[in-house]
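See below for the structure under consideration.
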Amino acid sequence: MLNISKWRMVFLLLLVSSVGFAQEKFATFAESLGQVRPFYGESGPDNVNWINDGQAYSFTERNESGAQLIKSFNPKNGEEKLIFSTEGLTIPDSDQAFEYMSFQWSDDSQYLLFQTNFRPVWRRSGISDYYYYSVADKTLSLVAKDAQTAELSPDGKKVGYERGGNLFVFDLAGKKETQLTDDAEDGFYNGRFGWAYEEEFGLAQAWEWSHDSKYIAFWQSDEREVPVFQMTDYQGTHKEWVELPYPQVGDTNPSVKIGVINVAQKSKKWMDVPLNDGYIPRIYWTAETAKLAVMQMNRAQTEMRLYMADANSGSAKMIFEETSDAWIDVFDFFAGIMHYMFFPKDAKEFFWITDKEGYAHLYRYDYNGKLINQVTEGNWEVVFVHSVDSKKKKIYYTSTEGSPLQRQLYSINFNGKGKKKLTELPGKHSVDMAPEATYYIDRFSNVNTPPKVELHSANGKLIETLADNKEVKQALEGSTFVTPELSQFTNSSGDKIDLAIYKPAGFESGKKYPMVLDVYGGPGAQSVYNQWSVNAWHQYLLHNGYVVVQMNNRGGGGYGREFEKVVYKNLGHAEAQDFVDGAKHMAGLGYVDGDNMAIRGHSYGGYISSFTILNHPDVFKVALVGAPVTDWRLYDSIYAERYMGLEEDNTEGYLNSAPTTYAKNLTGHMLIAHSTMDENVHVQNTFQLVKALVDNGKDHELKIFPPGAHGVAYNYPSYLLLMNSYNNYLERYLK
C-alpha cells in the first residue's frame, strides 16, 4: 500500500514552540516547525482500551519522572484509578528498567500482556519480547522472547505467539511452552506474513484464537518461489544487501493455505479452500463452535468467495460469491478499518460492506450466504463500523451521509430501521467506541474549529468533555495562522471536485501568487475533509507568498463507486486531468499566477505528480516528486494488479500509465527524491525514470538518500534537508 510519509508529523511532535505565530514570513522551514505546535491542541486520552465489558476504559500517561502509567476511567461514577506504573520496575531477574512498546488486555481485564524491546521488520511488524502482568498481585513475568506476534487467549489462560516462523503457546498456570508447528524455514512460515501480504492486506498477525480458546487458525505462507529484491544503503567498505521476497506484477506470488490447530490435542487440519493462484486475505471465527469463515479472492481481486470451514475436519463449503468489473475492497487503509466483514461472536449472521450497488453499504447475511436484508442505503458511503451489538441488534457506524467531507456517527437496527444520527457538529468525527456499545469517545473538528474531545454514552448523551482546546483558540487570536477555505469546481467530465484552498498570510486582492498543489491522489484516498488542519510545510509556504491547494480527485474514496473506480486499469489519467482542471480553475480566480504553478506529491503522490507534469507539460512549471512509482510493472503484484488488472489483460494500460512512457514531454522542472533503502517503492523506479529523461535530453534534479526507507528522510537533519530542497527549488523556479 503506497503511503504518505510520516516524517513530517514525527518531527513536529518533537518540537515545542517558544515564540508567537505573528509574522507573515518565515525565514526558515525549521522556524515553521516550531511555530505550529500550539495549534495542534490536545487529543484527549492516549491509547484508549475499553475494559470491564465496556464499563470503563484504560489510557496511558507519563509522570514527571517519565514513568509509563496505565490508568482507568469509569464513566458511570467518574472514578480514575492507577492500574500500572513502570516507576522503579525492572525487567525480571535484571536491573534494567522496564519499558513497553504496547500492551493488550485479557478479556476479563485482569491481566496485561506487554510488548517490549521492539525491533521493526516491516511497516506493521517487528520482533519483541512479551511479559505477562497480573493486575491483582502486581507480578511481571516473561512469556516469550524474540516473538513476532503474541496474543492472550480469550479465556486468559494461555498466550499464543509466533517465533521464527513457527507457532507456540505458553500455559500461564503451568509456566510451560508448547511448540505447535515445526516446519518453518527461510521463506516458509506458519502464522507470519511476508512483506506483500502484510503491506497490501493490512494485517501483521497471521493467526487467530477461536472465541473459546480451543483453536488457533493460521496462514501458512510459502515465499520460496517469490523473486527476491535486494537493497543497500552503500555504507561500509563492502556494502551489505538486505533481501526480501517481493513479487512484482506477473511474478510468482506467495502461496498460502489456512490451517487450524487444536491446542489441547496439538493436532492440525488444513481447511479445504482452493487458492487457485489467488489470495486468502481474511479469516473470521464465527459464532458457531469450530466454524471458520475463510475469504478467497482471485489474483485480479475481481472475484470474492466466502467459505465456511470445519475446524475439526477441514471440510469447507462455499456459501457466498461476488464478482465485480473492478476491484473488490477487503479493507480501507486510509480510514483505518481493517475489515469489511463482521461476524458477531454471539449471533449466527454476518455483515459485509460493499459498493456493489454504487455506494459502500452494509448488507446482512445468514451462515448459508443468503441475504437477509440491506442495512444501509443511499447516495453516500459507510466508511467505518465501530460496534455490532447483537443483544440490541444495533450497528454503530460512521458515514458520509452529510457530505463526503464529513464523518458522522449513526446507529441503525440490524433490519435497516431506526437509523439515528448521534453526532451533531458539522465536520469530521473520529469515534472510539466500546465493542459492547456502552460508551464512545468522539474526537471532532472542522476547518474553523480546533479539535474537541468528548465522552458520550452510546445513545449520544454527553458525559464529559475531555479536551476543549481553549488554548488553541487563544493562540489563534492575533496570529497569522492560515486555515483553508472549502470550495468546489466542475471538472471537464462534469464531476464536482472538492478543494481546500489556503491563501497566503497577508493576502492582497489584485495580487497574483504562485501556487503549490499538494497531492496524494491514490485509489480510495481522500485529501480534503472539513477538519482542523495543521501542516508546518503548508504554513511555511503560506507565510512565504504561495497559495496552497489540496483536492479530492477522481479515484479517491467517499464519493461512490463510479467516482472511485473510473481509474481501473488506467491509473493516472483521470487523476491528472482533475489536477489540471483544478489548476486552471485556480488560475481563473484571478489571484493565482497561472504561469507559476507546482505540483508536489510523495509515494502515489510522487507517481501522480510526475505523471501529471509529463502528460500536461503546459500547466505545471514544477513537479516535486517523492519516492515515485514510475512503471506499475515494478510495483508489488497485489497492489498494482488490484488497480491495473493482470498485465496480460492490460499490456497497453500498463504502458500508458507509466510516467517513463512520457519522459520526452518534460518542459518544466522536476526534482526527484528517493531512498535506496525504500522497501516499498524501490529506487529502481526513480532510476528508470531518470534514464528515460536522460535518454531524451531532459534536465532534472535528483536527491538520493541512501538510508531512509519509504519516507526518504531518516532523521531530523535529513528531513530538514529534504524539505529545504523542495523550498529552494520552488523559490528558484516559481518566483
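The values are calculated or read from the model by the stated rules, or taken from the named source; none is laboratory data. Just so you know, these numbers come straight off a predicted model, no measurement behind them. Heads up, the Cβs are rebuilt from the backbone with ideal geometry, glycines too, and the neighbour counts pull from every protein chain shown. Protein only, heavy atoms only, side chains kept; ligands, DNA and RNA dropped before computing areas. Shrake-Rupley method; radii C 1.70, N 1.55, O 1.52, S 1.80 Å.
A 22 angstrom limit on the alpha carbon distance is what I want to check against. Which of Lys145/Lys176; Lys268/Lys291; Lys71/Lys461; Lys496/Lys565; Lys452/Lys503 exceed it?
Among Lys145/Lys176; Lys268/Lys291; Lys71/Lys461; Lys496/Lys565; Lys452/Lys503, the Cα-Cα distance tops 22 Å for Lys71/Lys461; Lys452/Lys503.
Here are several values of Cα Rg over 2.2 N^0.38 Å: (1) 1.24; (2) 1.34; (3) 0.96. Which one was derived from the coordinates shown? Derived directly from the coordinates: (3). Return the carbon/sulfur percentage of the accessible area of the stretch 417-501, one whole number, probe 1.4 Å, all protein chains in place. Heavy-atom surface of the stretch 417-501 belonging to carbon and sulfur, 1.4 Å probe: 45 percent. Comparing Cα centroids, the stretch 433-457 and the stretch 220-264 end up 41 angstrom apart.
Label-to-label distance, Ser479 versus Lys370, with points set 7 angstrom from Cα along the beta-carbon direction: 5.9 nm. Think of each Lys and Arg Cβ as +1 and each Asp and Glu Cβ as -1; about the Cα centre, that makes the dipole of the stretch 280-435 roughly 540 debye.
The shape of the stretch 213-253 comes out oblate: with a ≥ b ≥ c from the C-alpha gyration tensor, a/c is at least 1.5 while a/b does not beat b/c.
For the chain, what does the helix formula give at 222 nm: sum of -39500 (n - 2.57) over DSSP H segments with n ≥ 4, over the residue count, nearest 500 deg cm²/dmol? Before the final figure, lay out each step's value.
Working: 12 runs with 113 residues, N = 735.
Mean residue ellipticity, 222 nm, calculated: -4500 deg cm²/dmol.
Below 12 angstrom from the Cβ of Ala300, what's the summed charge of the other residues (Lys, Arg +1; Asp, Glu -1)? Net charge in that neighbourhood comes out at -4. Of the residues Phe73, Gly510, Gly572, the one whose Cα sits farthest towards the positive end of the charge dipole of the chain is Gly510 (charges of +1 on Lys and Arg Cβ, -1 on Asp and Glu Cβ, taken about the Cα centre). Maximal additional length on extending the Glu508-Asp212 stretch stands at 99.9 nm, based on 0.36 nm per residue less the C-alpha distance.
Distance between the 7 Å Cα→Cβ label points at Asp186 and Asn379: 5.8 nm. Take each peptide in 712-724, 466-478, count the other Cβ atoms within 10 Å of every residue, and average; sorted highest first, the result is 712-724, 466-478. Between Val249 and Tyr635, Ser637, the built amide H atoms are under 5 Å apart, and every one of these is 5 or more places off in sequence or on another chain.
Phi angles of the stretch 676-683 translate, via the Karplus equation with coefficients 6.51, -1.76, 1.60 and θ = phi - 60°, into HN-Hα couplings of 6, 9, 6, 7, 8, 9, 5, 4 Hz per residue; Gly and Pro are given as x.
Here the Karplus relation 6.51 cos²θ - 1.76 cosθ + 1.60, evaluated at θ = phi - 60°, turns the backbone of the stretch 481-489 into coupling constants of 4, 9, 9, x, 9, 7, 9, 8, 9 Hz, with x for every Gly and Pro. Expressed as a whole percent, the accessible area of the stretch 22-118 that falls on carbon and sulfur atoms is 42 (1.4 Å probe).
Of the peptides 336-342, 383-389, 485-491, the order by per-residue mean of other Cβ atoms within 10 Å, starting with the highest, comes out as 383-389, 336-342, 485-491.
Under 5 Å from the amide H of Phe320 lie the amide H atoms of Leu306, each residue being 5 or more positions distant or on a separate chain, with H modelled from the backbone and absent for Pro and chain starts. Restricting the stretch 80-118 to GluC sites (Glu not before Pro) that sit in a DSSP loop and have at most 10 other Cβ atoms within 10 Å of their own Cβ leaves nothing.
Around the Cα centre of the chain, unit charges on the Cβ atoms of Lys, Arg, Asp and Glu (plus for the first two, minus for the last two) sum to a dipole of about 1200 debye.
Extension gain for Lys461 to Leu89 (0.36 nm times residue separation, less C-alpha to C-alpha distance): 129.9 nm.
Less than 19 Å from a label point 7 Å out along the Cα-to-Cβ axis of Gln235: which backbone N atoms in the stretch 88-127 qualify, by residue? Counting backbone N atoms under 19 Å from the label point, the list is 118-123, 127. Taking amide H atoms as placed 1.01 Å from N in the peptide plane, the amide H of Leu422 lies under 5 Å from those of Leu409, Tyr410, Ser411, each 5 or more residues away in sequence or on another chain.
What is the local net charge at Gly314, summed over the other residues whose Cβ is closer than 14 Å to its Cβ (Lys, Arg +1; Asp, Glu -1)? Please list the in-between numbers first.
Values: positive: Lys257, Lys268, Lys269, Lys291, Lys317; negative: Asp272, Asp310.
Once all neighbours under 14 Å are counted, the net charge is +3.
Provide Phe188, Phe333 ordered by accessible surface of protein heavy atoms (probe 1.4 Å), highest first. Walk me through the intermediate numbers first.
Details: Phe188 25, Phe333 50 Å².
Per-residue accessible area, sorted high to low, gives Phe333, Phe188.
If you take all other residues with their beta carbon under 9 Å from the beta carbon of Thr60, and give Lys and Arg +1 and Asp and Glu -1, the sum is 0.
Only Lys, Arg, Asp and Glu carry charge here, each on its Cβ (+1 for the first two, -1 for the last two); on that basis the stretch 165-209 has a dipole of about 300 debye about its Cα centre.
Phi angles across the stretch 507-518 convert, under the Karplus curve 6.51 cos²θ - 1.76 cosθ + 1.60 with θ = phi - 60°, into 3J(HN,Hα) values of 3, 10, 5, x, 9, 9, 10, x, 10, 10, 8, 9 Hz, Gly and Pro given as x.
Where only protein heavy atoms count, and the probe is 1.4 Å, what is the accessible area per residue for the chain in Å²?
Values: 28930 Å² over 735 residues.
Averaged over the residues of the chain, the accessible area is 39 Å².
Projected label points at Glu436 and Lys664, each 7 Å from Cα along the beta carbon direction, are separated by 6.9 nanometres.
Listed highest first by mean packing, meaning other Cβ atoms within 10 Å per residue, what order do 202-210, 662-670 come in?
Values: 202-210: 21.2, 662-670: 19.0.
Result, highest mean Cβ count within 10 Å first: 202-210, 662-670.
For the chain, the antiparallel share of DSSP beta bridges with both residues in that region comes to about 85%.
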